[in-house]
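Asker: Following this message is one structure expressed as structure tokens.
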Amino acid sequence: MSKEKGELDMTILDSQKPAKYYTEENQANDDKEKILHDEPEVLSKPRIFLLNLSWYGLSLMFLLLSVEVVPAQVHALVGDAAKGRWLGGMIAGGAAVTFFLSPCIGMASDRLTLQIGKRRPIMIFGTTGLCIGLIGMALSASHIKISRGTNSTLVNGTCYRDLVEHRCKPYYNGTTNLHTHRIHNGNPSSLLVSGSGNAVDLDPEPPGDLALYIIFYLLVTAMFATINVPYNALIADKSNSSQRGFNSGVMGCMILLGNVSGAAVGTCFTEIGVIGAYATAISVVIISVCVTVFTTTENPGKVVNEPVGCIAIFCGFWQPLKEHDFRWVFITRFLMQQGVSTVTGFLEYWVSDMIQLPFCWNAARTVAFILLPLLFSASIGSVIMGIVSDRIGKRKIIVIIAAVMMSISCTALTFVNGENAFWMAFIIAFFFGMGLGTFQSIDFALVMDVLPDEKDKAKDIAVWHQALVLPNAIATPTGGIILDYFESVDCTIGLGYIILFAVTAFYFLLSAIFVTKIKRAN
């Protein structure tokens with residue numbers, strides 16, 4: 001009996017011990033097999049290029065409209081005194097539409113079960129609606145006139161002006177109307193500066209229908225989000241973990257090249273007019289989106305049993321932010337974009353008020369040329385650093401370097417003014433662009449590393465996308481208040497611009513500090 005009991009005890013012990021080890025190994029192997037099964041295939045470089053090509057067309061459209069066309073149309077529709085308020089209201093309305101619509105689109109995309117996939121059908125729908133909205137915006141305000149240059153005196157290739165008088169004129173006693181105009185015109189989204197031929201020359205009668213124009217503008221904003229949300233998720237779906245940095249770098253490059261092309265088209269806005277600008281934007285968007293959609297394959301969408309209701313939509317905003325790493329990625333990107341929106345938005349006002357314009361260009365054309373080295377260096381940095389991040393497996397240190405470069409560049413702008421400021425700004429723009437491109441090369445890869453929920457990928461990316469949308473609305477009033485208040489304190493030294501760029505440098509510095517809080521990314 002004792003022998004049998006001993007053998008039985010040993011049998012139980014042996015059966016339990018191996019079972020424990022088997023269970024742990026089996027679980028690990030199952031998890032590994034699941035990861036390998038769910039891991040996207042490794043794409044060739046041409047396929048990654050085609051996958052990200054839509055960003056080129058969308059970015060060209062966005063920069064061309066936001067920098068040149070929309071401010072000019074609003075100015076023509078409402079007049080000089082009210083353009084800032086109306087443009088600011090439109091931007092705020094568009095941001096609100098995007099904020100509430102994006103998570104809904106994300107959840108709908110995650111639950112779509114069509115055989116052709118769950119991302120591309122929504123992209124096609126969004127592109128169709130976007131083109132309809134763009135045509136409506138073009139036709140509802142198609143007749144505007146833009147001055148071709150300044151009336152300043154050309155001396156040795158430079159337009160010399162009394163910059164102190166130019167800056168302080170709105171604050172002279174007895175010039176309340178000018179001061180009021182300065183406040184209204186402080187909206188950073190409008191890059192058309194009044195005075196000396198920089199403003200739009202208005203027709204005697206309003207050249208369009210303002211109400212109709214705003215409706216189509218909001219439609220365009222909604223459709224732009226309808227494309228972006230599933231498109232970001234499509235790129236995430238197709239990104240192998242070994243290629244996330246390169247994929248993110250190509251995305252950043254396409255965005256920046258689109259911005260360069262939009263700036264180039266914008267320099268010809270006077271010649272091609274409103275209809276020509278919109279026709280260019282529509283053509284490039286259709287071609288680029290169609291190339292991506294028809295050269296990319298998707299698996300059929302899987303059934304998601306979780307219902308979509310008001311509570312689910314509301315929780316969709318906050319649920320991803322409860323996850324530690326996702327929350328810090330969101331904050332990091334928010335601060336970075338807050339700084340970028342402030343710099344690019346107020347750059348033309350700084351050019352007009354703080355530097356001598358070269359070759360008697362107007363401020364809009366001068367800014368376009370300053371943007372060229374910024375965008376080209378950003379494109380180069382985006383691709384290079386995307387590859388580097390994949391090879392060294394480090395993302396946080398690259399983001400920190402990018403943020404510090406941009407912070408130093410903004411600090412340098414606080415000391416730049418006067419005769420040679422244009423050429424100094426040209427150099428600073430190059431280094432700022434390197435930082436911007438470096439950040440954009442890592443930006444999307446970083447969020448893919450920390451996505452909290454695979455089944456709700458599109459929804460989570462849509463929430464993360466708000467870190468890009470919200471600063472576009474917040475940077476406008478914040479920067480405008482800072483600029484106008486401190487300029488009224490001491491306009492002789494351009495105190496408003498000094499404080500504005502100092503605050504922007506602080507945004508970037510905080511972004512560099514907070515990225516260290518992310519735990520699941522190296």
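Asker: Report yes if some residue within the range 352-368 is closer than 15 Å to F422 by Cβ, open to solvent by less than 20 Å² (accessible area, probe 1.4 Å), in contact with a Leu (Cβ under 7 Å, 6 or more places away or on another chain) and at pLDDT 80 or above; otherwise report no.
Answerer: yes
Asker: Filter the range 386-429 down to the residues that are touching a residue at least 40 places away in the same chain (Cβ under 8 Å) and in contact with a Gly (Cβ under 6 Å, 6 or more places away or on another chain) and list them by number.
Answerer: G386, S389, D390, A402, M406 - these are the residues of the range 386-429 that are touching a residue at least 40 places away in the same chain (Cβ under 8 Å) and in contact with a Gly (Cβ under 6 Å, 6 or more places away or on another chain).
Asker: Restricting the search to the range 352-374, which residues are touching an Asp or Glu at 6+ places or on another chain (Cβ under 9 Å) and either basic (K, R) or outside any helix (DSSP H, G or I) (or both)?
Answerer: I355, Q356
Asker: For the range 375-395, enumerate the residues that are assigned to a helix (DSSP H, G or I), surrounded by fewer than 17 Cβ atoms within 10 Å (Cβ to Cβ) and of a type outside the set (V, I, T).
Answerer: Listed by number, the list holds a single entry, R391.
Asker: Among the residues of the range 30-63, which ones are open to solvent by 80 Å² or more (accessible area, probe 1.4 Å) and either at pLDDT below 50 or of a type in the set (V, I, T) (or both)?
Answerer: The answer is K32, E33, K34, I35, L36, H37, V42.
Asker: Identify the single condition in (1) without any contact (Cβ under 8 Å) to a residue 40 or more places away in the chain; (2) in contact with a Cys (Cβ under 8 Å, 6 or more places away or on another chain) that V383 does not satisfy, given that it satisfies every other one.
Answerer: (1)
Asker: Would you check if there is a residue in the range 142-158 being under 29 Å from the mean Cα position of the chain (by Cα) and modelled with pLDDT of 80 or more?
Answerer: The answer is no, given that none of the residues of the range 142-158 is under 29 Å from the mean Cα position of the chain (by Cα) and modelled with pLDDT of 80 or more.
Asker: Next question. Which residues, taken from the range 299-334, are at pLDDT 85 or above and either among the acidic types (D, E) or surrounded by fewer than 17 Cβ atoms within 10 Å (Cβ to Cβ) (or both)?
Answerer: Scanning the range 299-334 gives no hits.
Asker: For A211, only one of the following conditions fails: (1) of a type outside the set (D, E, K, R); (2) at pLDDT 75 or above; (3) surrounded by 19 or more Cβ atoms within 10 Å (Cβ to Cβ); (4) under 30 Å from H143 (Cβ atoms). What is its number?
Answerer: With (1) of a type outside the set (D, E, K, R); (2) at pLDDT 75 or above; (3) surrounded by 19 or more Cβ atoms within 10 Å (Cβ to Cβ); (4) under 30 Å from H143 (Cβ atoms) applied to A211, the lone miss is (3).
Asker: Hey, another quick one. Which of the residues that make up the range 262-275 are out of contact with any Gly (no Cβ under 9 Å at 6 or more places or on another chain) and surrounded by fewer than 20 Cβ atoms within 10 Å (Cβ to Cβ)?
Answerer: Matches in the range 262-275: A264, T267, T270, E271, I272, G273, I275.
Asker: State which residue is nearest to the chain's Cα centre (by Cα) when the search covers only the range 473-484 and only residues that are under 23 Å from V164 (Cα atoms) and open to solvent by less than 50 Å² (accessible area, probe 1.4 Å).
Answerer: Restricting attention to the range 473-484, the residues satisfying the condition of being under 23 Å from V164 (Cα atoms) are 479-484.
This time we only want the ones that are open to solvent by less than 50 Å² (accessible area, probe 1.4 Å), so: 479-480, 482-484.
Numbers: G479: 17, G480: 20, I482: 22, L483: 23, D484: 25 Å.
Per the criteria, the residue is G479.
Asker: Moving to a separate point now. Please enumerate the residues belonging to the range 485-497 that are under 15 Å from I355 (Cβ atoms), open to solvent by 50 Å² or more (accessible area, probe 1.4 Å) and in contact (Cβ under 8 Å) with a residue 24 or more places away in the chain.
Answerer: none
Asker: Give the residues of the range 91-125 that are surrounded by fewer than 21 Cβ atoms within 10 Å (Cβ to Cβ) and among the small types (G, A, S), sorted by residue number.
Answerer: Scanning the range 91-125 gives A92, G93, A95, A96, A108.
Asker: I'm trying to understand the selection: among the residues of the range 241-260, which are modelled with pLDDT of 80 or more and open to solvent by less than 30 Å² (accessible area, probe 1.4 Å)?
Answerer: The initial filter retains those residues of the range 241-260 that are modelled with pLDDT of 80 or more, namely 250-251, 254-255, 257-260.
Across the range 241-260, the qualifying residues are V250, M251, M254, G258, N259, V260.
Asker: For the range 237-282, enumerate the residues that are of a type in the set (S, T, Y), in contact with a Pro (Cβ under 9 Å, 6 or more places away or on another chain) and not in a helix (DSSP H, G or I). Talk me through it step by step, then tell me what you get.
Answerer: If we filter the range 237-282 for residues that are of a type in the set (S, T, Y), which is where we start, we get 239, 241-242, 248, 261, 267, 270, 278, 280.
From the residues that got through so far, the ones that are in contact with a Pro (Cβ under 9 Å, 6 or more places away or on another chain) too are 239, 241.
The answer is S239, and nothing else.
The values are calculated or read from the model by the stated rules, or taken from the named source; none is laboratory data. This structure is a prediction, so every number in the text was calculated from the model and none was measured. Positions of Cβ are backbone-derived with ideal geometry, glycine not excepted, and every protein chain shown enters the neighbour counts. These area figures cover heavy atoms from the full protein model, side chains too; ligands, DNA and RNA do not enter into them. Shrake-Rupley method; radii C 1.70, N 1.55, O 1.52, S 1.80 Å.
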